[in-house]
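See structure below.
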Amino acid sequence: MSFTGCKAALYIHIPFCAVKCDYCDFYSVSDLGHVGDVLENISRQLDSLMSKYGVSSFSSVYIGGGTPGIVPPDKMAGLLEKVRVLGGGILPVEVTMECNPRNISDRNLETWISGGINRISLGVQSFQDTFLQMAGRRSSRKAVLSALDTLDKYRDRLNLSLDLIQGLPGMTSEDQIADLKEAVSWKPDHLSWYSLILEPDTPLYDDWDRRSGGISADDEEVWQKGCRLLSENGYKRYEISNFCLPGRESVHNSAYWKMRPYMGCGPAGVSMLRDNSGLISRFRTKPDVNSFGRGELLYDEVEELSPEDFLKDYLLMGLRIADGISRKEFREIFSMTPEDLLPASSARWRERGCLNSDDASFRCSEKGMDLLNSILIDFFDEIESSEVPVTLNWPLSGASD
């Protein structure tokens, strides 16, 4: 079986930061001496993975990090030109770059836009200096507002997504809603509102008790109030933590949630692709700028996905989004319906008002999205005890959105 002509979502990891935030456990380094070598070998890795896995074009490009904006803008434009050439001479409809507020300037934006960037994901996290400082973030209210003022001039050429973190140390419920209201006032196309996750071995994890001051906001109450606020302002909750104006869903993130093929380049970039033998693999580029900069394209955390593994991940990701899982695609991939594979558990959760399935989709209700972990545990238990064989036809041709 040949998978030549596969379309994949492309993630490029730029593993450089001037200073690492105290809550972050993503791979990054502060030594910028390897930037040129890393960019050069990202281009080599693109060639290598496309050739091995039959990838001929990209459904989206997302440049993350780290701090991609720390790379000289002309070098970023050069990398995008390589992506354009390898992708058949065109860039996809969505090309996103993550930015810190301090990276935003007229000069940078003009070069990025000329190079193909058409979507900026701005890491705001909070509009309040107290909580930025408590989180060990190298930013400020002044820097955030200055970046938004500058970006406002380019909104006819750029889509804008804002990232906020719910529950930074010391935040009250009122503080969290105040951040959300200020974000909405800028009318971004897209807004990600994530709950803070304390990652072990990060400075914030080790110093949480002191920095939080014993303040613990009622997350559920804040969440419900925030969701109502966003809905009243025209934002649809299309994924558990992601909201957008009509038609402004993230194409790239949707590829992950819909389990499309994706390719991750750069140290710590993760891929999920299928080779000509039919084997589906998920693997990470070794998170080491030294070896990568020398041209050693090494991989770790390599996982071969069985049909059952893939099914679990398909449910895990697909039920995160409000539109849920396409019944047509599910049947094409697994040769049966969700109810065929999950007769008992799907019936239980439907009776509890947590599933809103119809002829087009298998999806969670609003209540179900908030109970998704419990639903998945039940689904996985039934899959593991079932004698129904799981077959797999993936990727589907034409499934690229």
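Quick note: the coordinates plus some simple rules give every number you see, no bench work behind them. This one's a predicted model, so the numbers in the text were calculated from it and none came from an experiment. Note that we place each Cβ from the backbone using ideal geometry, even for glycine, and neighbour counts take in every protein chain shown.
For the reader, a short list of remarks on this structure follows.
- In range of the label at LEU376: residues from the range 229-271 whose backbone nitrogen is under 19 Å from the point 7 Å along Cα→Cβ: 238-243, 253-262, 270-271
- The range 6-256, relative contact order in percent, only Cα pairs under 8 angstrom and at least six apart counted: 18 percent
- Label-to-label distance, nm, for residues given as ASN276 and TYR154 (7 Å Cα→Cβ offset): 4.2 nm
- Evaluated at q = 0.11, 0.16 Å⁻¹: base-10 log I(q)/I(0), Debye formula over Cα of the range 128-276: -0.53, -1.06
- For the range 362-391 versus the range 267-332, the gap between their alpha-carbon centres in whole angstrom: 20 Å
- Computed over the chain with a Gaussian network model linking Cα atoms closer than 10 Å, the most mobile of SER212, SER161, SER139 is SER212.
- Directionally averaged projected area (convex hull, Cα atoms, the range 254-368), nm²: 8.5 nm²
- The range 36-106: relative contact order as a whole-number percent, Cα under 8 Å and 6+ apart: 43 percent
- Size of the range 307-401 from its Cα atoms: along the principal axes, largest to smallest, the extents are 35, 31, 21 Å.
- Relative contact order [Cα under 8 Å, 6+ residues apart], the range 326-369, whole percent: 34 percent
- Cα-Cα over 32 Å, subset of LYS142/LYS225; LYS7/LYS181; LYS225/LYS328: LYS7/LYS181; LYS225/LYS328
- Sum of side-chain charges, CYS24 neighbourhood, beta-carbon under 13 Å (Lys, Arg +1; Asp, Glu -1): -3
- Most mobile of GLY33, GLY324, GLY269 in a GNM of the chain (Cα contacts under 10 Å): GLY33
- Taking a Cβ cut-off of under 13 Å around GLU351, the surrounding Lys, Arg, Asp and Glu residues balance to a net charge of +3, with basic ones at +1 and acidic ones at -1.
- For the chain, built as a Gaussian network whose Cα springs stay under 10 Å, the top-fluctuating residue of ARG228, ARG352, ARG320: ARG352
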